[in-house]
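What follows draws every value from the coordinates through simple rules; no lab data is involved. Keep in mind that what you see is a predicted model, and the values were worked out from it rather than measured. Quick reminder, even Gly has a Cβ in these numbers, built from the backbone with ideal geometry, and neighbours come from all protein chains shown.
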Amino acid sequence: MTGILLTLVLSGVSWVYLLAFRGQFWRCDQRLSASGKTTVSQWPSVCAIVPARNEAEVLPQSLPALMGQQYPGSFRVVLVDDQSTDDTRTIAQSTQSNYPQTPLTLTETEPLPKGWSGKLWAVHQGLEKALEADAPLPDYFLLTDADILHGQHNLKQLVAKAEREHLDLVSLMVLLRCQSFWEKLLIPAFVFFFQKLYPFPWVNQPQHPMAAAAGGCILVRRDVLLAVGGIESIRKALIDDCALGAVIKGTVTDRNRAGRIWLGLTTNTISLRPYPSLETIWNMVARTAFTQLNYSFGMLLATLVAMVLIYLMPPVGLVLGLWMQDWTLIGVAALVWSLMVTAYWPTVRLYRLPFWWTLTLPLIAALYTLMTVDSALRHLQGRGGAWKGRVYSTSSIK
């Protein structure tokens, strides 16, 4: 029991570090407030780029919300049909006539070239379309997914924050769908783990090297994006949002300073993408989990050890303590588990779930660990980047 007790103590030390010294990531306090100040001296022009591949299920909701933004400045939308085989283009065309105040340009992608991921190729071509000589150059680009339901004033709030704080990139981790059992079990944890990997307060500190973004909703200055080489500079990235955040934060702009970025949470802009089953969430995570580890099996082993130590040892220690009637073991295990619950509760509350969901984090961590192992196996089998009917060879794009 001495070895187990020492392991529990090490787990507790890990949680103390996460709670106190990991950028306060768990507080979920980096928010784009709906009630914040949204006035600027002059509203800049914005062009939204929307890559869409077989999005007929969500476009009837998401596209009207985007085109109906209450934005005082010039705003237009470029929707890139990424060789869809459903009614994506037809739905976009039918929506266009209902929002004459927001110009909509429809374009279709060329065949995917080698060395590009599908989404980035679509975004790149959308940017090229927006930058054509006969179109006015926008001050900002809004890079957004086709499944994002934007709050009515979301664009106004994004631009106001960028203008007031002189930011080059503003990104939102939108509220992900959380309706089915598997979504309630695994989606809040996905956001929790993302914040642990990329603590938002660190991302938002200009002097800190941490950089990230959330691909569903990114507002970026046109001049800065073009200065870093556009989307082509990250064309091979599977985790493209974080790659873009890193490129922009690490680049000296024409303002003679490093790029400034901000990443936060919102409850007013949501994702419509359904994840009704364990399989759908599993595939979403396994697609890029091993990429996150830089395709390193050494990092994979370290991750497995860390996940067992941090998340699984508290319940294991509690069960063993109850079985052995060892009150010291029970007390230490319960204390460490309470630290875990404390860290997870703000994320659970963000998704408006009951408190008892915090107790499921060890089970969730075990599932995410298995997903990460599966991601490595898929990489070995040459199918690690499978998504929306395409399979990217991770060895050719890493």
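Quick rundown of the values:
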read-out: Only Lys, Arg (+1) and Asp, Glu (-1) charged, at Cβ; the chain dipole about Cα centre in debye; value: 720
read-out: Under Karplus coefficients 6.51, -1.76 and 1.60, residue-wise ³J(HN,Hα) of the stretch 229-236 in Hz, glycine/proline x; value: x, x, 5, 4, 5, 10, 4, 8
read-out: Dipole-positive endmost among 60, 93, 104 within the stretch 57-129 (Cβ charges, Cα centre); value: 104
read-out: Qualifying trypsin sites (Lys or Arg not before Pro) in the stretch 266-365, DSSP loop, other Cβ atoms within 10 Å at most 14; value: 352
read-out: Nearest 10 degrees, 0 to 90: helix 181-197 Cα axis against the chain principal axis; value: 90
read-out: Nearest 10 degrees, 0 to 90: helix 313-324 Cα axis against the chain principal axis; value: 20
read-out: Gaussian network model of the chain, springs between alpha carbon atoms under 10 Å - residue of 269, 251, 328 with greatest fluctuation; value: 328
read-out: Hydrodynamic radius by Kirkwood, which averages 1/r over all alpha carbon pairs of the stretch 223-314, in angstrom; value: 16.6
read-out: Radius of gyration and maximum dimension Dmax of the stretch 34-175, Cα, Å; value: 15.0, 45
read-out: Computed over the stretch 294-353, Cα set: Rg, Dmax in Å; value: 14.9, 44
read-out: Scaled radius of gyration (Cα, divided by 2.2 N^0.38 Å) that the stretch 227-276 gives; value: 1.48
read-out: The stretch 1-89: projected area of the alpha-carbon convex hull, averaged over directions, in nm²; value: 11.7
read-out: Gaussian network model of the chain, springs between alpha carbon atoms under 10 Å - residue of 339, 370, 322 with greatest fluctuation; value: 322
read-out: Built amide H within the under 5 Å cut-off of residue 83, gap 5+; value: 109
read-out: When each of 119/184; 156/184; 156/249; 129/236 is checked by Cα-Cα distance, pairs over 25 Å; value: 119/184; 156/184
read-out: For the stretch 45-57, 3J(HN,Hα) per residue [Karplus equation, 6.51 cos²θ - 1.76 cosθ + 1.60, θ = phi - 60°, Hz, x = Gly/Pro]; value: 7, 9, 10, 8, 10, 10, x, 9, 10, 6, 10, 4, 6
read-out: Equivalent ellipsoid semi-axes - Cα gyration tensor, the stretch 146-299, angstrom; value: 27, 20, 13
read-out: Total formal charge among the other residues, if their Cβ is under 12 angstrom from that of residue 375, Lys/Arg +1 and Asp/Glu -1; value: +2
read-out: Surrounding net charge for residue 57, when Lys and Arg each add one and Asp and Glu each subtract one, Cβ distance under 9 Å; value: -3
read-out: For residue 105, distant residues with modelled amide H under 5 Å away; value: 77, 78, 79
read-out: Cα extents of the stretch 98-169 along the three principal axes, largest first (Å); value: 40, 30, 29
read-out: Under 10 Å, Cβ to Cβ, from residue 87 - net charge with Lys/Arg +1 and Asp/Glu -1; value: -2
read-out: Evaluated at q = 0.12 Å⁻¹: base-10 log I(q)/I(0), Debye formula over Cα of the chain; value: -0.97
read-out: Amide hydrogen neighbours beyond the local backbone of residue 208, cut-off 5 Å, H modeled; value: none
read-out: Hz values of 3J(HN,Hα) by residue in the stretch 145-156 - Karplus curve (6.51, -1.76, 1.60), Gly and Pro given as x; value: 7, 6, 9, 8, 9, 6, x, 4, 10, 4, 4, 4
read-out: Beta bridges by DSSP in the chain, antiparallel share as percent, to the nearest 5; value: 35
read-out: Cα long-axis angle, helix 361-380 against the chain (0 to 90 degrees, to the nearest 10); value: 60
